[in-house]
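The values are calculated or read from the model by the stated rules, or taken from the named source; none is laboratory data. Note that the coordinates shown come from a computational prediction; the quantities given were computed from them, not determined experimentally. Positions of Cβ are generated from backbone atoms using ideal geometry, with glycine treated the same way; all protein chains shown enter the neighbour counts.
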Amino acid sequence: MAIGAMIHTFAAQLADMDRGVYEDFTLRVARHPSETDAYMVTRLLAYCLEYEEGIAFSEGISKTDEPAVLVRDLTGRLTAWIEVGAPDAERMHYGSKLADRTRVYTHRDPAKVISAWAGKRIHNAAEIEVFSFDAGFIDDAVRVLERRNTLTLSVTEGQLYFDLNGTSLSSALHTHRIE
C-alpha cells in the first residue's frame, strides 16, 4: 500500500446476471493522496464488473507498468489489462500487447478519452472496449462514500443497480469502441 494512502473497506455483494457471476467478498482499497474519489469509485466498479478468479488491484502509482486492475491465470500470465480514467495511447498499446483483453472504465467524457487516442498506434485497438456510466452516477456514489462501506451491485441487461451505504443508484453501462 502506498504511504499516506487512505484505506476504504467494502463489504460487497455482486450479482452480475449478464455474466452469471454471484459473489460476496470484502475489499480493502487504498486511495493514494493523488487519486480522486471518483477515480477510486470507478476503479472499484471496474473490479466488480470484471470480477473473476485471479483479479487484483495493481500496486497503484508505484507500479507504473501495470493497469489499475488486472487478471492473471493460474500460471501468472496476464489475461486482462483493465485501465481506469483516461490512460494514454502508449499504455493502451503496451497493455493490449500483453493481455488477452484490454478494457477501460472511465468516469470522464468517453468521447474525449477516445479522441485523445486518435491517430496513435494502439495494438488491437478495434478489440478494446471502453465503458462509461450515466452522467452524475459516479459523483452520486462519491457523495455517500465512507471509510467503511457496504455495497450491492446487480447487473442485468447492461443496467447497473448499485447500493452504496444504503443509497440506491442506477446507471446503464455504456460501451464504446475506438474508431
Open item on the list: Condition first: over 19 Å from residue 169 (Cβ atoms) and without any contact (Cβ under 8 Å) to a residue 12 or more places away in the chain. Now tell me which residues in region 15-52 satisfy that.
Closed with: 20, 22
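Regarding region 41-52, can at least one residue be identified that is surrounded by fewer than 17 Cβ atoms within 10 Å (Cβ to Cβ) and under 25 Å from residue 160 (Cβ atoms)? Walk me through how you get there before you give the answer.
Taking region 41-52 and keeping what is surrounded by fewer than 17 Cβ atoms within 10 Å (Cβ to Cβ), we get 52.
Those left that are additionally under 25 Å from residue 160 (Cβ atoms): 52.
Among the residues of region 41-52, at least one is surrounded by fewer than 17 Cβ atoms within 10 Å (Cβ to Cβ) and under 25 Å from residue 160 (Cβ atoms), which makes the answer yes.
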- [ ] For region 125-165, name all the residues that are touching a residue at least 24 places away in the same chain (Cβ under 8 Å), over 16 Å from the mean Cα position of the chain (by Cα) and closer than 16 Å to residue 111 by Cα.
- [x] 125, 126
Open item on the list: Can you say whether residue 30 is in a strand (DSSP E or B) and at pLDDT below 95, as far as the supplied structure shows?
Closed with: yes
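Can you find a residue that is farther than 16 Å from residue 142 by Cα and crowded, with 17+ Cβ neighbours inside 10 Å anywhere in region 13-26?
First, the residues of region 13-26 that are farther than 16 Å from residue 142 by Cα: 13-26.
From what's left, crowded, with 17+ Cβ neighbours inside 10 Å: 14, 16.
Scanning region 13-26 turns up at least one residue that is farther than 16 Å from residue 142 by Cα and crowded, with 17+ Cβ neighbours inside 10 Å.
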Open item on the list: Here is a check on your reading of the model: is residue 62 of a type in the set (S, T, N, Q) and modelled with pLDDT of 95 or more?
Closed with: no
Open item on the list: Just the residues that are in contact (Cβ under 8 Å) with a residue 40 or more places away in the chain and hydroxyl-bearing (Ser, Thr, Tyr), please, taken from region 53-99.
Closed with: 62
Open item on the list: So for region 38-49 (the condition being assigned to a strand (DSSP E or B), touching a strand residue (DSSP E or B) at 6+ places or on another chain (Cβ under 6 Å), hydroxyl-bearing (Ser, Thr, Tyr) and within 21 Å of residue 131 (Cα to Cα)), does at least one residue qualify?
Closed with: no
- [ ] Report yes if residue 64 is among the hydroxyl-bearing types (Ser, Thr, Tyr) and crowded, with 16+ Cβ neighbours inside 10 Å, otherwise no.
- [x] no
